[in-house]
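Peer 1: Could you have a look at this structure, given as structure tokens, before my questions?
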Amino acid sequence: MVHRFELRVYYEDTDLAGIVYYANYLKFIERARSEWVRGLGIDQVRMKAEGLVFAVRRVEADYLSPARFDDVLEVETAPEAVTAARIVLSQVVKRAGEVVFEARVTLVALSDTGHPVRLPANIRRLSH
């Protein structure tokens, strides 16, 4: 299942050269992940109240082509692997079908004390 999230590049997203500042791609894919989770019906506010949060464990990123001010980008998010302890996602940022950025993101669950915990079974099932 591929989730799609569209966004526009604003001036504040760019650097002095007029291209998207590299760290902002991480913000773009974070927004897309939040919408992906919401689309699965997972209430992260309730999860947090119950003492469980998602955390990024690892990000592998490839910057392939610069995006610029006013570009419309689409972030595709898809699960690659789900285990008892982690979710690995593929996230691809495209501009008019051209891939400009790719990332592989590993998410884990943490308790309210910051310790790793197993992903709840309902989340493991929903993310397949």
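The values are calculated or read from the model by the stated rules, or taken from the named source; none is laboratory data. From a predicted model like this one, the values you see are computed outputs, not experimental measurements. FYI the Cβ positions are ideal-geometry reconstructions off the backbone, even for glycines, and counts take in every protein chain you see. Note: accessible area is taken over every heavy atom of the protein model, side chains too, but ligands, DNA and RNA are not part of it. Shrake-Rupley method; radii C 1.70, N 1.55, O 1.52, S 1.80 Å.
Peer 1: Six or more apart or on different chains, Cβ under 9 Å: which pairs go from a residue in segment 110-121 that's in contact (Cβ under 8 Å) with a residue 24 or more places away in the chain and within 14 Å of V56 (Cα to Cα) to one that's assigned to a loop (DSSP other than H, G, I, E, B) and of a type in the set (A, V, I, L, M)? Could you list them?
Peer 2: These pairs meet every condition: P116/A85; V117/A85; L119/A84; L119/A85.
Peer 1: Can you name every residue in segment 49-74 that is in contact (Cβ under 8 Å) with a residue 60 or more places away in the chain and either of a type in the set (V, I, T) or open to solvent by 70 Å² or more (accessible area, probe 1.4 Å) (or both)?
Peer 2: Of everything in segment 49-74, those that are in contact (Cβ under 8 Å) with a residue 60 or more places away in the chain and either of a type in the set (V, I, T) or open to solvent by 70 Å² or more (accessible area, probe 1.4 Å) (or both) turn out to be F69, D70, V72.
Peer 1: For segment 78-92, which residues satisfy the criterion of being open to solvent by less than 60 Å² (accessible area, probe 1.4 Å) and either without any contact (Cβ under 8 Å) to a residue 24 or more places away in the chain or assigned to a strand (DSSP E or B) (or both)? Walk me through how you get there before you give the answer.
Peer 2: Restricting attention to segment 78-92, the residues satisfying the condition of being open to solvent by less than 60 Å² (accessible area, probe 1.4 Å) are 78-79, 81-82, 84-85, 87-92.
Once the filter is applied, which keeps residues that are open to solvent by less than 60 Å² (accessible area, probe 1.4 Å) and either without any contact (Cβ under 8 Å) to a residue 24 or more places away in the chain or assigned to a strand (DSSP E or B) (or both), segment 78-92 yields A78, P79, A81, V82, I87, V88, L89, S90, Q91, V92.
Peer 1: So, one more: What residue, of R33, R95, is touching a strand residue (DSSP E or B) at 6+ places or on another chain (Cβ under 7 Å), among the charged types (D, E, K, R), open to solvent by less than 80 Å² (accessible area, probe 1.4 Å) and free of Cβ contacts under 8 Å to residues at least 40 places away in the same chain?
Peer 2: That would be R95, the only listed residue that is touching a strand residue (DSSP E or B) at 6+ places or on another chain (Cβ under 7 Å), among the charged types (D, E, K, R), open to solvent by less than 80 Å² (accessible area, probe 1.4 Å) and free of Cβ contacts under 8 Å to residues at least 40 places away in the same chain.
Peer 1: Kindly list, by first and then second residue, each pair from a residue in segment 3-22 that is without any contact (Cβ under 8 Å) to a residue 24 or more places away in the chain to a residue that is assigned to a helix (DSSP H, G or I) and of a type in the set (D, E, K, R), limited to pairs with Cβ atoms under 9 Å and residues at least 6 apart or on different chains.
Peer 2: Cβ pairs passing all conditions: Y21/D13.
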